[in-house]
Structure formats: C-alpha cells, structure tokens
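> First the structure, which I've put down as structure tokens, then a few questions once you've had a look.
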Amino acid sequence: MAVPASVKKKVQNLRREIRYHNHRYHVLDDPEVPDAEYDRLMRDLQDLEKAHPSLITPDSPTQRVGAQPVSAFGTVEHKLPMLSLDNAFTEDELNDFHRRVIDRLDIAVDSQIEYAAEPKLDGAAVSLLYEKGQLVRGATRGDGTKGEDITHNVRTIPAVPLSLMGKGFPRVLEIRGEVFMPLAGFERFNTEALAKGDKALVNPRNAAAGSLRQLDPRLTAARPLDMYVYSVGIVDGGKLPDRHSEILSVLEDWGMKVCPERRVVTGIDGCLEYYRRIGEKRSALGYDIDGVVYKVDRLDYQRDLGFVSRAPRWAIAHKFPAQEELTTVRDVEFQVGRTGAVTPVARLEPVFVGGVTVSNATLHNMDELNRKDVRIGDTVVIRRAGDVIPEVVRVIKERRPKRTRKVKAPAHCPVCGSDVVRIEGEAVARCSGGLFCAAQRAEALKHFVSRRALDVDGLGSKLIEQLVALERVKNPADLYTLTREELISLERMGEKSADNLLASIERSKQTTLARFLFGLGIREVGEATAASLATYFGKLSPIMEASEEELQAVPDVGPVVATRIRSFFDEAHNREIIQALLDSGFSWEETEPAAISTNGPLTGKVFVLTGTLEGITRDEAKDRIQALGGKVTGSVSKKTDYVVYGEKAGSKLAKAQKLDIATLDQNEFEKFLSDQ
C-alpha cells in the first residue's frame with residue numbers, strides 16, 4: 001500500500017526539526033525547546049515510522065538507538081594514513097619544532113607563522129566517511145593504515161550527524177576527530193553501574209575506546225560519548241578552504257562539533273601563551289586532555305613541509321607534564337629483548353597513576369640504573385605520560401630503609417645462560433646467544449607476525465612462546481610449515497582456531513616489500529627506513545646485495561644503519577631463512593627502482609635546494625640530481641657540497657655563505673648539470 005504524500009512530508013519535516021534540535025543541544029549546547037517537547041517530536045516520528053516501515057532510512061534520528069549486534073569487526077584501509085604526532089615535552093623541544101618549520105619553509109627567522117591550536121583530547125581517534133552528505137562509514141585509527149569498521153557504533157553518538165547540514169560539501173568527505181567520554185558522563189555512568197552491581201569503568205579514555213569496540217551497538221548507545229572533529233582526510237568532488245582553521249569552521253557549519261577552545265595563534269610566543277592558558281583551564285574543562293596540538297594553519301605550507309616517518313612535519317603535540325606517583329621497588333629483574341638487549345625492569349608495589357595501575361617500570365639500562373642508584377626496597381617516583389611506558393624517575397633517598405639491596409648486572413643470560421656482553425661505547429648489554437636464545441627467538445617471531453609487519457592474526461605471544469618452548473618454531477620460516485594436526489594438539493587450540501590461524505598465516509604471504517623488510521627485525525630498520533629501502537630499490541635482491549655505500553644513498557640511511565643492514569644480509573643463516581620464506585610462497589608487487597643513480601658523476605655529493613626556481617619545481621630538480629647519483633637534503637650543514645638557490649632564497653643561502661659552501665644560481669645549476 002502506497003504511503004500518502006502527506007505522511008511522507010510530515011516525516012521529512014519531523015526529521016528536519018529533530019536534527020535541528022539535536023544540533024542545538026549536542027553541538028551548540030544551546031537547546032531551544034524543553035526535553036518534553038523534543039520527546040514529543042521523537043515519539044511522533046517513531047509512531048509514523050512504525051506505521052509505515054518503508055519510510056525508515058539509515059539517517060533517521062530514530063536509528064541512533066543501535067542496530068543488531070555484529071559478529072566481528074571488518075577492516076578498513078585508510079586511503080590517506082591517519083598519522084600520529086610527534087611530541088614536545090619542553091619549551092626547548094617546541095622551539096626546535098618551530099625552528100624546523102621556519103628552516104624548511106625557507107623564510108625569514110622572524111617571520112610570524114600562524115598555528116591552529118586546540119586541546120589534545122585523551123580519547124579515541126576515528127574516521128567518518130560521508131558520501132553526498134550521508135554517513136556511510138566509521139572506522140578506528142588502528143595502526144594508521146588499517147582500522148576497524150565501527151560504523152554501527154559511531155551512528156549511536158549524538159554528536160555525529162547522520163546527515164550533513166546545509167549544502168556545498170564535497171561529494172566524498174572524510175572527517176577525522178576524537179571520540180571521548182565527558183567527565184560528568186563518566187562519573188554518572190559509574191555511579192549508576194555500581195548501584196546496579198555492575199563493574200565500573202576504569203577511566204574516561206579507556207571507556208571511550210572500549211565503547212567503540214562493542215559488538216553490540218546498543219551497549220555503545222548506552223555510553224555517554226561525545227566527539228570533536230579536528231581534520232579532514234579524503235576530499236573528492238568539492239573544494240575546502242586553504243587554511244586548517246577555516247576548514248574546521250566550514251565543518252561546524254555542516255553540523256560537526258569542533259572544540260570551542262580552538263584558536264589561531266601567531267609564532268612561538270602565541271603557542272606558549274595558549275599552552276599556559278589551556279593548562280590553567282585544564283581542571284575546569286569537562287573532558288580529559290593531556291596537552292595541546294599546534295598545526296601550521298596554511299595548507300600550502302603543510303604541503304611544503306610534508307611528512308617524516310609516521311608523523312607530519314607541520315604539527316606537534318605539546319604534552320603537559322607527566323603524571324607521577326610514589327611507590328616502592330619490590331625487585332629488579334632482567335628481560336631479554338628480540339635483539340638480545342638485557343634490560344633491567346623494576347617490579348613495583350602496584351600504584352594507580354595516569355589512569356592505570358602500574359606494577360612494572362623500565363630502568364632502561366645499567367648505566368641509568370646506577371646513575372639513579374635504584375635499589376630493591378627504595379621508595380621511587382614513577383612517571384607515566386599517555387601511552388609512554390612507565391619509568392622510574394628518581395629515588396627518594398630520604399625514605400631509603402637501612403637495608404636495601406644493590407642491583408648487579410647478570411653475567412649470564414637469564415633465559416639461555418649465554419654470556420652477557422657489553423660493547424665499548426654502547427649503554428646496552430646483550431645476550432650473546434643469538435638465535436640459540438629462546439627469548440630472542442620468541443621476540444623476533446612476535447615482531448615478525450605483529451600488525452605492522454606481516455600481520456598474522458591469531459598468533460599471539462603465548463602461542464609463540466609455546467611453539468618456541470617445544471622447539472617446533474625456531475625462525476619465521478618454520479611458521480609456514482605448521483600443520484593442522486600439530487596446532488590442534490596444542491593446549492587451548494581447537495579445530496576452528498587452528499583453521500583460522502592457518503588461513504591467517506597463508507594470507508600473510510601476500511604482503512609488501514616494506515612490511516617484509518620491517519618484519520625481518522634488522523636492528524635500527526624501522527617502518528620508515530624499510531619503506532625507503534623498498535621505494536629506492538623496488539626489489540629484495542638488490543637490497544640484499546647492496547654495498548654500504550649504495551645503501552647510504554637511500555634517504556634516512558646513514559653509516560650505522562647501512563652497516564647493520566649489510567651485516568644482517570651477510571649472515572648465511574639469515575639468507576637461508578629469507579629463501580625458505582620465499583620458497584613457502586611469499587610474494588609482493590615489485591616496482592621499478594627510484595630513478596636515483598648510485599654510481600653517477602654526483603655520487604657522494606650533497607645538495608640543498610632553496611628559493612623559487614624558474615620553470616622547474618624543486619621535486620624536478622631533486623630528481624635530476626638524484627639521477628646523477630647526488631643526494632638532496634633539507635638543511636645546510638658542513639656535509640653539504642652545493643646549495644642551489646632561486647628567487648627569494650632565505651636563511652639557507654645565508655648559512656651556506658657563512659660556512660663557505662659552494663652556491664649555484666639557476667643558470668649555474670643548469671650548466672653544472674649539463675657538464676656532468
């Protein structure tokens with residue numbers, strides 16, 4: 001039976017009116033009507049939709065109550081990575097950040113850069129995808145590249161519009177922000193939970209993250225969650241302003257909730273004043289923050305500054321002082337890491353600090369332990385800042401008991417009994433057991449299967465330790481020889497779990513060269529360096545055969561890292577393991593190597609580009625230099641051989657002249673290249 005046009009129109013009007021009041025209440029915090037009137041409008045809409053189910057749409061205000069539970073979270077790949085931010089803990093570190101911005105933009109030191117500043121919320125980062133103004137997907141940040149599909153849960157958050165307001169928004173718009181639990185809502189939820197005999201939430205941050213990971217969205221809907229948006233990701237079929245602060249204002253016009261404390265400040269002094277002001281207001285805010293964030297406001301400047309590793313060069317988080325507490329040292333034990341590093345760890349009387357209960361804290365190395373003179377039985381200050389591993393800051397010697405025990409470094413590995421050696425000039429002592437040491441073996445395997453490496457789901461720490469203890473798995477290649485019968489025979493491993501694990505192991509064979517290199521666990525080769533190697537060489541075999549000089553031509557690879565890489569591939573057993581992995585079916589999409597010569601006329605020469613070149617971009621100039629074997633860096637130092645400058649050259653040219661470094665204007669540069 002057809003729905004009368006008058007009913008359709010009434011439903012549309014009700015939805016429009018309810019959305020308007022939702023925005024006034026949840027976003028603007030300025031309601032126009034009493035709760036009773038709002039409830040009446042909602043009941044009228046619910047009654048009409050109940051009578052005419054065909055009118056129910058996903059963006060209806062009635063659909064926030066939560067859909068049916070899902071069986072598992074899907075995976076979302078972020079087309080633009082959700083990057084983390086570098087941290088500044090002191091004014092000196094913030095000044096260094098500002099100086100790097102000035103230097104890379106190649107503008108006068110006294111130029112006034114404008115920063116968009118806002119509090120750094122202590123919640124969970126999420127991505128919201130809108131198509132034609134309709135919310136179609138929500139995802140967690142995950143590892144920055146892949147997150148979990150939490151669409152069913154973000155739809156329940158009142159501050160998240162199911163449909164954008166107004167007009168003019170892009171056809172595809174990805175909006176990013178922080179979901180958090182307001183302090184008042186956190187306290188109210190816990191009071192009600194305890195009254196019902198339920199378990200209380202530990203802290204607002206964990207509560208927000210945990211709420212987003214509920215398989216039943218009705219549980220998420222019952223949690224008092226809120227959200228502030230702070231940036232955009234994918235934008236297609238439309239245009240946004242050219243300043244970050246103006247983009248946030250436009251998002252606010254479209255119904256998104258932005259932090260009311262956001263400001264645009266000028267220069268380093270403006271940043272510090274904002275930091276002090278927010279620090280003074282911190283206890284009065286209705287939500288947890290752990291610092292402030294500064295972003296270069298101009299988008300063209302952001303593009304020029306670019307990124308390093310997993311963080312943008314144009315933004316930084318200025319963290320508040322870490323939270324600290326007192327406790328006592330029960331014992332000091334030594335852990336062996338995947339590289340053989342023997343690290344002292346303090347076992348503590350449990351203490352609640354920074355939102356969690358801490359019972360262990362790192363002492364870093366023996367030099368640090370001796371410098372702080374930490375003894376068993378001491379009262380110590382423990383610090384925890386955000387996700388940073390808790391550490392022992394200092395000993396309260398005034399409280400030292402008469403009988404304490406000094407800590408001595410072990411002569412033998414606590415795991416395998418091999419000698420512990422310490423190379424002159426290094427702070428870290430290492431087990432000499434290598435692959436014979438079960439601790440190193442287990443940790444290397446855990447790294448290999450971790451999410452950011454080969455991402456083998458279901459192969460957790462305990463299972464790896466069990467397989468290592470049984471001496472069934474001694475290196476990564478052994479994982480790909482496991483059988484269903486073997487896995488089923490293990491403790492707590494059923495048939496379905498074994499099948500799922502084998503499927504995950506099989507999937508991991510289809511990977512990328514960068515992930516494979518990172519997973520090998522070469523010392524000092526992190527994700528960024530692995531990605532640079534993969535991009536530069538394109539294939540595995542040239543990397544394995546490259547000399548130290550050839551490796552140093554790769555961006556971010558210096559002499560020490562080149563030595564580590566060369567030493568790793570010189571080991572016969574490492575080559576054997578790699579070959580076994582390839583024989584098991586590992587594959588990835590190979591690419592052509594970057595057009596950079598390692599044996600050209602400019603090999604070993606370091607260039608810096610500054611100013612505006614006529615008729616050629618800096619990237620094009622960089623490509624031409626690298627094609628001849630040269631290396632291009634972003635800052636002038638004594639290691640720089642040539643500075644190429646165009647119009648409006650700034651401090652880099654002045655520094656080159658001060659250091660008596662050869663300089664080339666554009667005409668001289670063109671002639672220089674043609675002569676090679």
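> Within the stretch 645-655, which residues are open to solvent by less than 30 Å² (accessible area, probe 1.4 Å) and in contact with a helix residue (DSSP H, G or I) (Cβ under 8 Å, 6 or more places away or on another chain)?
Matches in the stretch 645-655: Gly646, Lys652.
> Need the failing condition index for Asp242 against (1) touching a Pro at 6+ places or on another chain (Cβ under 9 Å); (2) farther than 25 Å from Asn22 by Cα, just the number.
Tallying (1) touching a Pro at 6+ places or on another chain (Cβ under 9 Å); (2) farther than 25 Å from Asn22 by Cα, Asp242 fails exactly one: (1).
> A further question follows. Wholly within the stretch 316-405, which strands (runs of 3 or more DSSP E) include no fewer than the required count, namely at least 3 residues that are within 28 Å of His447 (Cα to Cα) and either of a type in the set (Ser, Thr, Tyr) or open to solvent by less than 50 Å² (accessible area, probe 1.4 Å) (or both)?
323-336, 341-353, 356-362
> Sticking with this structure for a sec: If you go through the stretch 482-490 one residue at a time, do you hit one that is of a type in the set (Asp, Glu) and closer than 30 Å to Val606 by Cα?
So far as the stretch 482-490 goes, no, none of its residues is of a type in the set (Asp, Glu) and closer than 30 Å to Val606 by Cα.
> Would the stretch 656-672 turn up any residue that is among the hydroxyl-bearing types (Ser, Thr, Tyr) and exposed (fewer than 15 other Cβ atoms within 10 Å of the Cβ)?
No; the residues of the stretch 656-672 include none that is among the hydroxyl-bearing types (Ser, Thr, Tyr) and exposed (fewer than 15 other Cβ atoms within 10 Å of the Cβ).
Per-residue answers, yes or no, for (1) within 20 Å of the chain's Cα centre (by Cα); (2) in a loop (DSSP other than H, G, I, E, B):
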| site | (1), (2) |
| --- | --- |
| Ala125 | yes, no |
| Leu129 | yes, no |
| Arg137 | no, no |
| Gly144 | yes, yes |
| Glu148 | yes, no |
| Asn153 | no, no |
| Thr156 | no, yes |
| Ala159 | no, yes |
| Gly166 | no, yes |
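> Additional query: Filter the stretch 283-309 for residues that are among the charged types (D, E, K, R) and either part of a strand (DSSP E or B) or loosely packed, with under 15 Cβ neighbours inside 10 Å (or both); which is modelled with the highest pLDDT?
Lys295
> Regarding the stretch 519-530, can at least one residue be identified that is open to solvent by 20 Å² or more (accessible area, probe 1.4 Å) and part of a helix (DSSP H, G or I)?
yes
> Now for a different question. Gly197 fails exactly one of the following numbered conditions: (1) on the phi > 0 side of the Ramachandran plot; (2) open to solvent by less than 10 Å² (accessible area, probe 1.4 Å). What is the number of that condition?
It is condition (2) that Gly197 fails.
> Find the residue count for the stretch 451-465, including only residues that are more than 21 Å from Leu490 (Cα to Cα) and open to solvent by less than 40 Å² (accessible area, probe 1.4 Å).
Total meeting the criteria: 2.
> Just checking, does the stretch 485-495 include any residue being open to solvent by less than 80 Å² (accessible area, probe 1.4 Å), closer than 20 Å to Ser584 by Cα and in contact with a Gly (Cβ under 8 Å, 6 or more places away or on another chain)?
So far as the stretch 485-495 goes, no, none of its residues is open to solvent by less than 80 Å² (accessible area, probe 1.4 Å), closer than 20 Å to Ser584 by Cα and in contact with a Gly (Cβ under 8 Å, 6 or more places away or on another chain).
> Kindly indicate the residue of the stretch 539-548 that is in contact with a helix residue (DSSP H, G or I) (Cβ under 8 Å, 6 or more places away or on another chain) and of a type in the set (Gly, Ala, Ser) and also least open to solvent (accessible area, probe 1.4 Å) among those meeting that condition.
It comes out as Ala546.
> Within the stretch 238-245, is there a residue that is open to solvent by less than 20 Å² (accessible area, probe 1.4 Å) and either within 20 Å of Pro182 (Cβ to Cβ) or modelled with pLDDT under 95 (or both)?
no
> Check the stretch 304-322 and report whether any residue there is within 21 Å of Asn95 (Cβ to Cβ) and among the β-branched types (Val, Ile, Thr).
Taking every residue of the stretch 304-322 in turn, at least one turns out to be within 21 Å of Asn95 (Cβ to Cβ) and among the β-branched types (Val, Ile, Thr).
Each row is one residue, and each column tells you yes or no for (1) touching a Gly at 6+ places or on another chain (Cβ under 6 Å); (2) within 15 Å of Ala315 (Cα to Cα); (3) among the acidic types (Asp, Glu).
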{"residue": "Lys79", "(1), (2), (3)": "no, no, no"}
{"residue": "Thr90", "(1), (2), (3)": "no, no, no"}
{"residue": "Glu93", "(1), (2), (3)": "no, yes, yes"}
{"residue": "His98", "(1), (2), (3)": "no, yes, no"}
{"residue": "Asp106", "(1), (2), (3)": "yes, no, yes"}
{"residue": "Lys132", "(1), (2), (3)": "no, no, no"}
{"residue": "Asp143", "(1), (2), (3)": "no, no, yes"}
{"residue": "Leu162", "(1), (2), (3)": "no, no, no"}
{"residue": "Gly168", "(1), (2), (3)": "no, no, no"}
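The values are calculated or read from the model by the stated rules, or taken from the named source; none is laboratory data. Because the structure is a prediction, the values reported are computed rather than measured. All Cβ positions, even for glycine, are placed from backbone atoms using ideal geometry, and neighbour counts span all protein chains on display. To get the accessible areas, we keep the full protein, side chains included, count just its heavy atoms, and leave off ligands, DNA and RNA. Shrake-Rupley method; radii C 1.70, N 1.55, O 1.52, S 1.80 Å.
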